[in-house]
Amino acid sequence: MDYFAKFLSIQPPVKQPQDHFAEFTRSWQAIKNTLTYPDERQLNRGIRSTDVPARLRSMGDALIHESASSDFEEGTGPCMEYLLKNDVLGTLVKLSEPDRPAGILAETLRAISNMVVLLDERFLIHSAVHKAVIRLLRACTGDEFQERMDGKDKV
């Protein structure tokens, strides 16, 4: 009887809590290394041939999970702290501006726009985020935007 009792009382396996901060920092380091030192294959085939788009999604998911978590309602969580203190978005935009490997500027725009939409309104008020978004918009619009702004200032 004891033999069958073991099988009848099987408990579902307990899920190990995922360490979002470790995944966030690992993803950021991998992205930074890929953009700083792209290899020939990545330059020829573009950003889609790398794991960068998946890692950008992973970073966004970690930030979204952290903001939805009730543990960090009062302040910022470790992923957001790391993002702000290390100017992750500013560095990402700076590394993406030359669009090497091809398509990284579009992936950066997609990732940051997802963060802006899915995170709470306090996300954009941080100086590190705001400056990175402005720089990204200028990189995407080129000199056109700056020329229009300069033209309006002269009037």
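The values are calculated or read from the model by the stated rules, or taken from the named source; none is laboratory data. The shown structure was predicted, so the numbers you read here are calculated from the model rather than taken from an experiment. Cβ placement follows ideal geometry from the backbone for every residue including glycine, while neighbour counts extend to all protein chains displayed. Note: areas computed on protein heavy atoms with side chains; ligands, DNA, RNA excluded. Shrake-Rupley method; radii C 1.70, N 1.55, O 1.52, S 1.80 Å.
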**OP:** Evaluate the distance, in nm, between pseudo-label points positioned 7 Å from the Cα of SER69 and of ARG135 along their respective Cα→Cβ axes.
**Re:** 2.7
**OP:** May I ask you to evaluate 6.51 cos²θ - 1.76 cosθ + 1.60, the Karplus curve with θ = phi - 60°, for each residue of segment 113-120 and list the ³J(HN,Hα) values in order in whole Hz, giving x for glycine and proline?
**Re:** 5, 4, 5, 4, 6, 8, 8, 6
**OP:** Determine, from the Cβ-Cβ distance of ASN44 and ALA106 and an R0 of 22 Å, the FRET efficiency 1/(1 + (r/R0)^6), rounded to the nearest 0.05.
**Re:** 0.80
Original post:
Amide H to amide H under 5 Å from ALA102: which residues, 5+ apart in sequence or cross-chain, H placed 1.01 Å off N in plane?
Top reply: GLY46, ILE47
Original post:
Hey, any idea what % of segment 42-120's accessible area is carbon plus sulfur with a 1.4 Å probe?
Top reply: 49
Original post:
What is the calculated FRET efficiency for ALA54 to ARG122, with r their C-beta to C-beta distance and R₀ = 22 Å, to the nearest 0.05?
Top reply: 0.25
**OP:** Please list the radius of gyration and Dmax for segment 61-138, considering alpha-carbon atoms only, with Å as the unit.
**Re:** 12.7, 40
Subject >> Probe 1.4 Å, all protein chains present, accessible-area order of LYS85, LYS94, LYS32, LYS131, largest first >> reply: LYS85, LYS131, LYS94, LYS32
